[in-house]
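The values are calculated or read from the model by the stated rules, or taken from the named source; none is laboratory data. Given the structure is predicted, the values throughout are model-derived calculations rather than measurements. For neighbour counting, all protein chains shown are included, and Cβ atoms are generated from backbone atoms with ideal geometry for every residue, glycine included. Please note that ligands, DNA and RNA were not included when accessible areas were found on the heavy atoms of the full protein model with its side chains. Shrake-Rupley method; radii C 1.70, N 1.55, O 1.52, S 1.80 Å.
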Amino acid sequence: MLDLRQITDQPEEVKQRLNRRGDVAGTERAAALGTRRRALIRDSEALRRDQRQASERLKGLLKSDPKAAEALRAELKASSARQKGMDEELKGVEAELQELLLLLPNLPHASVPEGREAADNAVVRVHGEKPAFAGFGPRPHWEIGEALGVLDFDAGAKLSGSRFTVLRGAAAKLERALINYMLDLHVREHGYLEVLTPYLVLREAMVGTGQLPKFEAEAFKTTDPEYFLIPTAEVPVTNLHRDEILEGSRLPLKYVAYSACFRREAGAAGRDTRGLTRQHQFNKVELVKFAAPEDSYQELESLTADAADVLQRLGLHHRVVALCGGDLGFSAAKTYDLEVWMPGQDRFVEISSCSNFEAFQARRARIRFKRDAAAKPEHVHTLNGSGLAIGRTLAAILENFQQADGSVGIPEVLRPFTGFDRITK
């Protein structure tokens, strides 16, 4: 959620910064409502002050001047009616303002590249080299997996419909190995605290991280009672500190969590429908940080490096891309995408998004911190990133380590977790 004071006091600056995303409606209305809210609060407080003073005068007039007391009582009655009208208007203004603020995206950071679409994103750095394949053309992972008998898309469709997959044998164990490897790496070497959180959350948790109300059509949910299946562990982990005031000396807080993730992908019809790239259910290891505002962009760099470290140790060619204003996610102030090379598809595919949300989520979820016992609470900055998406990492291994005989090699760092060094039919 944006800072209402900033919207009210600097409406043109807010509008210009949001326009870097494209056309964003509602800023002018929000500024007008913020101004009206401020005036109503000021006038209401002044009126209450006058009423208190008039009430004190009334006590003295009741005996000394009954006629003047009656006139003053009439004035107080009219004043009370004005007060009620102001209160009702303020209630309506604040309700509309709250609804509007929940739909306005975050302000892009000054360092975010200009642009309207993914083609305008800026490549920041590239790691490794594209693999060479001697004597054969690389195949996409869905062909490799089906030929090896380890990816069963027909069984997934029979059980649950399109965009679900059954992993068999070596692929199922490789998926589990990737989860364990990533969790161990982030805990032991990168200093994150592992947490295991629920997959079902309340509406307020989804609002707190920005999935609702704007993206409700993309979410799976239950009714009676209402729960939302999490689209990412970002939701429950960030909400661990909802409605809390953290100790500044403890920052940054760093969490890592494995979870299954559930997404309708309602806005992605026709995109990446083959293979493991865009599934309704998938596994992911998520990194979440809570940082002091002055440290959050350095924490973004280190979080991105932690996620990229997984790809480097696996020996996967990848690049880091800074998203332009038009390609930023709703809640993000700045995002780096990690894109892994998929030789069977001859393209880079996003495998992690690492974002700084600044105070946007913290305002929605009411997460603050105090620098010391005497300090005034401030909104913390929240960050997160995939460390990594498991299914896409598995797909990248199948494509990058495929062999001429149809088998697939296993990266050396994973072999203690899999117990085998090759997938064969």
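If you count, for each residue, the other Cβ atoms within 10 Å and average over each peptide, how do 210-220, 241-251 line up from highest to lowest?
Ranked by mean Cβ neighbours within 10 Å, highest first: 210-220, 241-251.
Which residues does a label at ASP9 reach in the stretch 26-55, if reach means a backbone N under 20 Å from a point 7 Å past the Cα toward the Cβ?
Zone members listed by number: 27-43.
Label-point separation (nm) for PHE417 and GLU56, each offset 7 Å from Cα along Cα-to-Cβ?
7.1 nm
Tell me which residues come under 5 Å, amide H to amide H, from ILE351 once H is placed; ignore anything under 5 positions away on its chain.
Those qualifying (amide H under 5 Å, at least 5 residues apart or on another chain) are LEU338, GLU339, VAL340.
Contact order normalised by length for the chain, with contacts defined as Cα pairs under 8 Å and 6 or more residues apart; what percent is it?
Details: 807 pairs, mean separation 86.4, N = 425.
Reported relative contact order: 20 percent.
Let me know the shape class of the stretch 1-153, please: from the alpha-carbon gyration tensor, a ≥ b ≥ c as square roots of the eigenvalues, rounded when a/c is under 1.5, otherwise prolate if a/b is greater than b/c, or oblate.
Taking the square roots of the gyration eigenvalues as a ≥ b ≥ c, the stretch 1-153 is prolate.
Over 23 Å between Cα atoms: which of LYS214/LYS370; LYS221/LYS254; LYS221/LYS284; LYS15/LYS221; LYS91/LYS334 fall into that group?
LYS214/LYS370; LYS221/LYS254; LYS15/LYS221; LYS91/LYS334
Quote the charge dipole size of the chain about the Cα centre in Debye, to the nearest 20; the model charges only the Cβ of Lys and Arg (+1) and of Asp and Glu (-1). Intermediate results must be reported in sequence, preceding the final value.
On the way: 60 positive and 61 negative charges, 239 e Å.
Approximately 1140 debye in magnitude.
Say we join alpha carbon atoms closer than 10 Å with springs in a Gaussian network model of the chain; which of THR238, THR222, THR209 then has the biggest fluctuation?
Among THR238, THR222, THR209, the largest mean-square fluctuation in the Gaussian network model of the chain belongs to THR222.
Within the stretch 138-280, what whole-number % of the accessible surface is contributed by carbon and sulfur, with the 1.4 Å probe and all protein chains included in the calculation?
50 percent
How large is the dipole of the stretch 253-402 about the Cα centre if only Lys and Arg carry +1 and Asp and Glu carry -1, each at its Cβ, rounded to the nearest 20 debye? It would help to have the intermediate numbers written out before the result.
Details: 20 positive and 18 negative charges, 125 e Å.
Here the stretch 253-402 has a charge dipole of around 600 debye.
Based on Cβ point charges of +1 for Lys and Arg and -1 for Asp and Glu, what charge dipole magnitude is obtained for the stretch 22-89 about its Cα centre, in debye rounded to the nearest 20?
For this selection, approximately 360 debye.
Non-local amide H neighbours of LEU388 (under 5 Å, H modeled in plane, Pro and chain starts lacking H): which ones?
Those qualifying (amide H under 5 Å, at least 5 residues apart or on another chain) are VAL285.
Return the distance in nm (one decimal) between the two label points of a simple spin-label model at ALA132 and ILE245, each offset 7 Å from Cα along Cα→Cβ.
So the label points at ALA132 and ILE245 sit 6.3 nm apart.
The stretch 274-336: which trypsin sites (Lys or Arg not before Pro) are DSSP loop and have at most 14 other beta-carbon atoms within 10 angstrom?
Filter output for the stretch 274-336: ARG274.
With a ≥ b ≥ c taken as the square roots of the eigenvalues of the C-alpha gyration tensor of the chain, please select rounded if a/c is under 1.5 and otherwise prolate if a/b is larger than b/c or oblate if it is not?
prolate
Using label points projected 7 Å from each Cα along Cα→Cβ, tell me how many nm separate LEU196 and ASP184, to one decimal.
With each label point 7 Å from Cα toward Cβ, the separation is 1.7 nm.
Using the Cα centre of the chain as origin and beta-carbon charges of +1 (Lys, Arg) and -1 (Asp, Glu), tell me which of VAL24, GLN53, LEU104 is placed farthest towards the positive end of the dipole.
The Cα lying farthest towards the positive end belongs to GLN53.
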